[in-house]
Each structure stands twice: as structure tokens, then as C-alpha cells.
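Here the structure comes first, spelled out in C-alpha cells, and everything after it is commentary.
The values are calculated or read from the model by the stated rules, or taken from the named source; none is laboratory data. Small disclaimer: the values here were computed from a predicted structure and weren't measured. Quick reminder, even Gly has a Cβ in these numbers, built from the backbone with ideal geometry, and neighbours come from all protein chains shown.
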DNA sequence: ATGGCTTCATAGTGAAGA
């Protein structure tokens, strides 16, 4: 069982990359963020031809999430229950007995801004909802672009980034609060290369210089974490022409998890 | 260097991302 997440920064532009990546990697589930596409434009036909089904919640220009999967998705919900929000940032579906939650956490713009407050409020609502969702679905995976680098080792230059949005204390505290629900950062269950990142700025040749942040994560509840055999960031698509600024993250689970 | 790219909505630039 292979679970993956990828912020594609426009599914319209990145569809060829996504189709190639699906074909080469054959994940069971791929969560997408920043599809930036209304639902009526979603490329369901192309994905079906590649052997995938999908649920999606999109909008024009900004945000937008999708869960692409081989098996049928069930019990789909979109949006954070109890949190009024125009922005399409959350999608949950049950796939082969696993509750898959796909999130595009707000960026926050800058510490102290209105968008930063919205980010913290959103994360707080997410945490509260997850607490309930975990009671209903003990096998839960939370995948997405968290827009939080949890630790200094997830930041290429911690000093330069100190206190900045994506690394600030309150954001990291929100990340830890979610972990404390019993969700494990699958990437850190294993030994990893130094300076592992999932996002690099388009500017300054940041990718070539590996000036990145690890802000895309796959968190697993205990019953899934114990079956997790590996987690890796796939830098290959970031090297392509016209890449997304994010790389896919993949977690592998042993065994056939069924309802 | 408070920018550097990239995308989108637009039709010349501006917002937003991270």
C-alpha cells in the first residue's frame, strides 16, 4: 500500500507530470493540493485512463484538493466540518479501510498578519476535528502541504528563517498538537538523508542549491504507523521542465489493509 | 537585495505563494 502527497501548483499545468508520476510509481493513493481548478474542469477522464478514480474539491485560481486512488473512495467529505471556509483546503475519503485526509494548510503569509491568524484558527479547527475523526476511524492518514517545517532540521537555513512564517513557534506548536493526537510523522520513523526538503523556491536556483523546507508531510495513526515500512521524498519531478515547486512525498505500508 | 520565479486572471500589471 503506497500513499503519496504532492502540491502540484496547478493541476492544469502539471497534469502531464502527474500522469507520468502515477504511471511510474503506481501509488494506491495520491493526495493533490493547489489544483487551482474548478470541479467541472477536473481531468477525471485522463486519470481514469491511467487506472485511477478521484474525488476533488476545487476552485478557480487558488487552493483546491483531490484524492486520486485505485480503489473506490467512500464516505467523502469536503471542507472542515464546523469551520466556515470558502477556501477548498480539505478532503477526506475512506480508501481500502484507511481514512485518507488530504489538506492544504493556509500559507499564513507573514507572522501576525490576518492570514497568519486564519492559518492558526484553521489548524486549531483541524486538530479538534481530527480528534473526533480518529475515534471514528482509528486507521487514519493525514497527508498534505502543511506549510509548516516542524523542526530546524527541516529548514535549509534555520537562522535566516528564525521566527518566520512556516517555522514560527505557534505554527510548530499546532503541528505538535496534531502529532499529540497520536499521529506519527512517517518521514521521521526512518533514518533519512541530511537536508531533506519537499519545497524549494522557484527563485535563486533554490533547488539546485538545495535551499528548501520540509513542509509536506504524511502523518499516520498508530495502527498505520506500525505497518509503515518506509517514507521518502521523490525529488525527480522537481528536476523536470516547468516543475511544481513541491516534490511528492511517499509512504509505504505493508499488508493489505481492508475494512 | 523585503527581490529573485511561477501561476492565474487579465490584457498591462497585480496578487499570492512559501
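Yes/no per residue for (1) more than 14 Å from the chain's Cα centre (by Cα); (2) surrounded by fewer than 17 Cβ atoms within 10 Å (Cβ to Cβ); (3) at pLDDT 95 or above; (4) not in a strand (DSSP E or B):
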| residue | (1), (2), (3), (4) |
| --- | --- |
| A:75 | yes, yes, yes, no |
| A:103 | no, no, yes, no |
| A:107 | no, yes, yes, yes |
| A:144 | no, no, yes, no |
| A:159 | yes, yes, yes, yes |
| A:164 | yes, yes, yes, yes |
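Rundown of residues vs (1) surrounded by 14 or more Cβ atoms within 10 Å (Cβ to Cβ); (2) more than 12 Å from DNA strand B (Cβ to nearest atom); (3) closer than 22 Å to residue A:92 by Cα, yes/no style:
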| residue | (1), (2), (3) |
| --- | --- |
| A:11 | yes, no, yes |
| A:20 | yes, yes, no |
| A:23 | no, yes, no |
| A:30 | yes, yes, yes |
| A:37 | yes, no, yes |
| A:40 | no, yes, yes |
| A:54 | yes, yes, yes |
| A:57 | yes, yes, yes |
- If we keep only residues of region A:21-59 that are assigned to a helix (DSSP H, G or I) and in contact (Cβ under 8 Å) with a residue 40 or more places away in the chain, then the residue nearest to residue A:76 (Cα to Cα) is A:22
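Out of A:196, A:221, which single residue is touching a helix residue (DSSP H, G or I) at 6+ places or on another chain (Cβ under 7 Å) and more than 20 Å from residue A:120 (Cβ to Cβ)?
Details: A:196 fails: touching a helix residue (DSSP H, G or I) at 6+ places or on another chain (Cβ under 7 Å).
Sole residue among the options that is touching a helix residue (DSSP H, G or I) at 6+ places or on another chain (Cβ under 7 Å) and more than 20 Å from residue A:120 (Cβ to Cβ): A:221.
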- Considering region A:109-142 alone, what residues qualify as being more than 16 Å from DNA strand B (Cβ to nearest atom), surrounded by 14 or more Cβ atoms within 10 Å (Cβ to Cβ) and not in a helix (DSSP H, G or I)? A:137, A:139, A:140, A:141, A:142
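Any idea which residue in region A:187-198 is surrounded by the fewest Cβ atoms within 10 Å (Cβ to Cβ), counting only those that are within 16 Å of DNA strand B (Cβ to nearest atom) and under 13 Å from residue A:234 (Cβ atoms)? Walk me through it before giving the result.
To start, the set of residues in region A:187-198 that are within 16 Å of DNA strand B (Cβ to nearest atom) comprises A:195-198.
In the following step, the residues that additionally are under 13 Å from residue A:234 (Cβ atoms) were identified as A:196-198.
Numbers: A:196: 17, A:197: 23, A:198: 27.
Here the answer is A:196.
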- Item | Lone unmet requirement of (1) more than 16 Å from DNA strand B (Cβ to nearest atom); (2) assigned to a strand (DSSP E or B) for residue A:80 | (2)
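Tally the residues that are in a loop (DSSP other than H, G, I, E, B) and either touching a helix residue (DSSP H, G or I) at 6+ places or on another chain (Cβ under 9 Å) or away from DNA strand B (no atom under 16 Å from the Cβ) (or both), restricting the search to region A:61-73. Full working, then the answer.
So the first thing to find is which residues in region A:61-73 are in a loop (DSSP other than H, G, I, E, B), and the list is A:61-64, A:70-73.
If we keep only those that are either touching a helix residue (DSSP H, G or I) at 6+ places or on another chain (Cβ under 9 Å) or away from DNA strand B (no atom under 16 Å from the Cβ) (or both) as well, we get A:64, A:70-73.
Adding up the residues that qualify gives 5.
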- Task: Search region A:191-207 for residues that are more than 14 Å from residue A:7 (Cβ to Cβ) and pair each with any residue that is assigned to a strand (DSSP E or B) and within 15 Å of DNA strand B (Cβ to nearest atom) when their beta-carbon atoms are under 7 Å apart and the residues are at least 6 apart or on different chains.
- Result: A:196/A:233; A:206/A:200; A:206/A:212; A:207/A:200
